[in-house]
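Notes follow once the structure below has been shown.
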Amino acid sequence: MKTSWEIGKPGDAELLQKINTLPKEELSEQHLRFLASRLRMNIVEMVYQANSGHPGGPLGLADIYTVLAYKIMNHKPSNPEWEQRDRLLISNGHVCAVRYSMMAMKGYFPETELSTFRQLGSRLQGHPSSKFLPMVENSSGSLGQGLSNAGGLALGLKLRKSDSRVFLGMSDGECQEGMTWEAAMAIAHRKVTNIHPFLDWNNIQIDGNVENVMALGDLQKKFESFGWEVTVKDGHNLQEIEEAFAWSLAAKDAPRMILFKTVLGKGVSFMENNPDWHGSPPKEKDRDEAFIQIMRERDSLSLAS
Ligand SMILES: Cc1ncc(C[n+]2csc(CCOP(=O)(O)OP(=O)(O)O)c2C)c(N)n1
Ligand SMILES: [Mg+2]
């Protein structure tokens, strides 16, 4: 296992620290693009070093998790158990590399710990456990459970008159699970509006394209018919992502669902939209090529290291 963690340009780790001291309002689009590219490099390196895991989903979610962690959520890495924190649950547990990377960048733990991903005894298990790390609010890996977990948590917080909001990452593949729809019905029936699910609509699952494995039909109309308000947004447009969360947070009469159109493997051309990269680690040459491509994005930014 490597203990060093050298990604990005010299000075980028310091730039990250500086960005972490800025208030949300002062973060520019350039800052966010820097953060998303670093998130992507971390993801590739984690799965490469572990020689197992899921690179595709996390790369496709990097832009959304960047905006969520840096522009939307109220949370304190220095006090992860802060009672008023917003909760973030993930239902598609296999994409946890994006969440661990986001947490390390935010300062919950050192980025070097990312090198323990998927090792025996590590806090960073391949499917996340709430036993090991603060801020991991739910254990996941068994698909389809997250909307129930988050719905119950949100309802509990509402009954306690808490202002905390509950964010939940979901995926399209797991909408084939019946439990998702039981939860959708219950949350709408109880008008739970402090839950803010966002769904990774990449049309890919473990065995191929969702539409071929078991088609979901019109996902927007389906959630609407269960009593939800629904928006469909581009999960790689930083502005649209921020607007989508603001829309969700303004829910009043019905829960709101964000369907993000995403590209599995986004940012690494040979992984994009290819179901083979759902759960295969990159070989060394793939890792090197991925880094070249992600660094091109980082180099295009006019931010001093
Ligand atoms: C209940 C359950 N059934 C099956 C699996 C095996 N499995 C792991 S990932 C996956 C595909 C899920 O689709 P999605 O989350 O859309 O995948 P991605 O877009 O990240 O490729 C499946 C079926 C599981 N983890 N849980
Ligand atoms: Mg999918």
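Each value in this text was obtained by applying a stated rule to the coordinates, not by laboratory testing. The shown structure was predicted, so the numbers you read here are calculated from the model rather than taken from an experiment. All Cβ positions, even for glycine, are placed from backbone atoms using ideal geometry, and neighbour counts span all protein chains on display.
Compute the helix-to-body angle for 284-299: its Cα long axis versus the longest principal axis of the chain, expressed 0 to 90° and rounded to tens.
80 degrees
Search the structure for amide H atoms under 5 Å from the amide H of V268, placed 1.01 Å from N in the peptide plane, and list their residues when 5 or more places away or on another chain.
The answer is none.
For L168, enumerate residues with amide H under 5 Å from its amide H, sequence gap 5+ or separate chain, H modeled in the peptide plane.
Amide H neighbours of L168, under 5 Å, 5+ apart: L89, H196, F198.
Ignoring everything except DSSP H segments at least 4 long, calculate the 222 nm mean residue ellipticity for the chain; use -39,500 (n - 2.57) per segment, divide by total residues, nearest 500.
Here the helix-only value at 222 nm equals -12000 deg cm²/dmol.
Explain nothing, just compute: Karplus ³J(HN,Hα) = 6.51 cos²θ - 1.76 cosθ + 1.60, θ = phi - 60°, for every residue of segment 112-118 in order, whole Hz, x for Gly and Pro.
Calculated HN-Hα couplings, in order: 4, 5, 4, 5, 8, 3, 6 Hz.
Restrict the search to segment 185-232; then list the GluC sites (Glu not before Pro) that DSSP places in a loop and that have at most 16 other Cβ atoms within 10 Å of their Cβ.
Answer by residue number: there is no such site.
Mind ranking 77-86, 107-116 by how tightly packed they are, going by the mean number of other C-beta atoms within 10 angstrom, highest first?
107-116, 77-86
Say R0 is 45 Å: what FRET efficiency, to the nearest 0.05, do Q30 and K161 get from their beta-carbon distance?
It comes to 0.70.
If amide hydrogens are placed 1.01 Å from N in the peptide plane, which non-local residues have theirs closer than 5 Å to the one on M257?
E229, V230, T231
Strictly over 26 Å apart at the Cα level, which of K161/K222; K18/K158; K106/K221; K71/K252; K261/K285; K76/K285 would you flag in this model?
As for pairs spanning more than 26 Å Cα to Cα, those are K161/K222; K18/K158; K106/K221; K261/K285; K76/K285.
I'd like the distance separating the alpha-carbon centroids of segment 63-103 and segment 227-305, in whole Å.
After rounding, the separation between the Cα centres reads 15 Å.
Once the Cβ-Cβ distance between S130 and R296 is put in as r, and R0 is 30 Å, what FRET efficiency do you end up with, to the nearest 0.05?
That gives a FRET efficiency of 0.20.
Taking the Cβ of M271 as the center, what net charge do the other residues with Cβ under 13 Å away carry, scoring Lys and Arg +1 and Asp and Glu -1?
0
Sort the following peptides by mean Cβ neighbour count (other Cβ atoms within 10 Å, averaged over residues), highest first: 166-177, 35-46.
Final packing ranking: 35-46, 166-177.
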